[in-house]
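The values are calculated or read from the model by the stated rules, or taken from the named source; none is laboratory data. Since we're looking at a predicted model, the values are computed, not measured. Reconstructed Cβ throughout: ideal geometry from the backbone, glycine too, with neighbour counts over all protein chains shown. All accessible areas refer to the heavy atoms of the entire protein, side chains included, with ligands and DNA or RNA removed. Shrake-Rupley method; radii C 1.70, N 1.55, O 1.52, S 1.80 Å.
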Amino acid sequence: MASIKVKFRASTVSGKRGTVYYQVTHRGQVRTVSTGIRLFPEQWDGDSGRLVEAEGVDNGRLAGYRDRIEADVRYFKEILAYLKTLPVDYEANDIVRRFRTKAFRKLFFLDFLSGRVKELEEAERFGLARSYKGGLNIFKAFLCSKDIPDIPVELIDKRLVNEFARWLAGRGLVRNSVSCYMRVIRAVYHQAVRSMGIAPLDLFGEVYVGVDKTVKRAMRKSLLEKLIALDLEGESHLCFARDMFLFSFVTRGMAFVDIAFLRKKDMVGDTLCYIRRKTGQRLKVFIEPCARAIIERYTTEDSLYLFPILTTTNKAKAHRQYESALNLHNKRLKVISARLGEGVSLSSYVARHTWATIMRAEGVPVALISAGMGHTSERTTIIYLDELEDSAIDQANRDMVNKLGL
């Protein structure tokens, strides 16, 4: 049972004013909050815990001090009454934090996160909205596993964050997936507490929020040639998937989202001029004859788009169509992967990785590859090339060993 007491701490120097403070006690935890009120010892009645007038000192501010203390105690009681209604435990620190920030608001985390998803969708930031929605669903499932419908933002602590990370890992998620969800929850937690005027606490120092290096997905030239020669006659859906894969490759690894949103007006002579949806960069790509052949194979007069992927100009609906198309595209590429054999696993990203890797193998500088792919940093490009760089180092080492006759 939590309690609030008003106390006085006398000065260690005789004749000096002491300080009035609040003592918060809950389940053996004791916390103090200074009031900033300074009194002479004779102005404090220790038995009743009240301010009293004393002879020989200035009592002019006592009435204002009393009013302030009474208001603070009432506020503490309101906080305690509210915290008792919550489905989770709270600590003395939670009481003190609410009082100090004057943040007595019923701001619940899932409710706040749901609102952020709507705001992002209205701002047409559909990719980030999708990530936040995924975080919303997984955190809701975690709380449900604890029979908690929602949780106040201020009661999210390091213990709960660590428990959430273990819960995710227990569901079989790999470290990168766990990290992705943790980064969403961390970002939204910071946004929520700042909206309440509270400084965010460091709750995520013990959980992984980095990105592990993944197995590179580039194809060898020989396998790319095998894909081009693969007989898919009579299977138009697989032919379309292969053509979109090859179109991505020959347009400097154009991302599938950018392919989907390409419009006829983006074709200017022999050049495709478009803006990368991920970074906002404006790119110009020369239309190679093989790319033009693919465009001519699929473009229709009744559509604004180059390819039959999207059918609407409504931004929200178009994004949903793109997500559905990407999912279908990758499923079809998996079918083609099985036909190719050799353990290959195609996806929309493989074309992008393959272009970067082959360009590097041909001696093209990383800076040019980065510019061609529309990366904002060469560090991003190098992630695509780590596997190739390792093999190049191995070859250099092998040459050195051979020269030494070892």
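Shape class for segment 200-284: oblate, because the ratio a/c of the largest to smallest gyration tensor axis (alpha-carbon atoms, square roots of eigenvalues) is 1.5 or more and b/c is at least a/b. Seen from a random direction on average, the alpha-carbon convex hull of segment 93-206 projects onto 7.2 square nanometres. Dipole magnitude for segment 1-40: about 40 debye, using +1 per Lys or Arg Cβ and -1 per Asp or Glu Cβ, origin at the Cα centre. To the nearest ten degrees, helix 126-145 and the longest principal axis of the Cα atoms of the chain are 50 degrees apart. Among the trypsin sites (Lys or Arg not before Pro) in segment 1-38, those located in a DSSP loop and surrounded by at most 15 other Cβ atoms within 10 Å of their own Cβ are Lys16, Arg17, Arg27.
For segment 229-336, GluC sites (Glu not before Pro) are listed when DSSP marks them as loop and at most 16 other Cβ atoms sit within 10 Å of their Cβ; the list is Glu233, Glu235, Glu301.
Using only Cα atoms and rounding to the nearest 10 degrees, what angle (0 to 90) does helix 92-101 make with the longest principal axis of the chain? It works out to around 90 degrees. The alpha carbon centroids of segment 32-55 and segment 282-325 are separated by 76 Å. If you sort the three axes of the alpha carbon gyration tensor as a ≥ b ≥ c, you get a/c of 1.5 or more for segment 1-144 and a/b above b/c, which makes it prolate.
For segment 1-68, the list of GluC sites (Glu not before Pro) that fall in a loop by DSSP and count at most 14 other C-beta atoms within 10 angstrom reads Glu53, Glu55. For the set Thr32, Thr311, the ranking by accessible area, highest first and with no ligand, DNA or RNA atoms included, is Thr311, Thr32 under a 1.4 Å probe. Its relative contact order, with pairs defined as Cα atoms under 8 Å and 6+ residues apart, puts segment 130-193 at 44 percent. Counting helices only, and only those DSSP H runs with n ≥ 4, report the 222 nm mean residue ellipticity of the chain as the sum of -39,500 (n - 2.57) divided by its residues, in deg cm²/dmol to the nearest 500. Counting only the DSSP helices, I get -17500 deg cm²/dmol. The peptide list 145-158, 270-283, put in order of mean Cβ contacts within 10 Å with the highest first, becomes 145-158, 270-283. The reciprocal of the average 1/r between distinct C-alpha atoms defines the Kirkwood hydrodynamic radius, which for the chain equals 26.9 Å.
Within 11 Å, Cβ to Cβ, of Phe249, how many net charges do the neighbouring residues add up to if Lys/Arg are +1 and Asp/Glu are -1?
Working: positive: Arg242, Arg252, Arg352; negative: Asp243, Glu288.
Combined, the nearby Lys, Arg, Asp and Glu give +1.
Using only the alpha-carbon atoms, how far is helix 236-250 inclined from the longest principal axis of the chain? Give it as 0 to 90 degrees, nearest 10. Helix 236-250 sits roughly 80 degrees off the main axis of the chain. Summing charges over all other residues whose Cβ lies under 15 Å from the Cβ of Lys146, with Lys and Arg as +1 and Asp and Glu as -1, gives -1.
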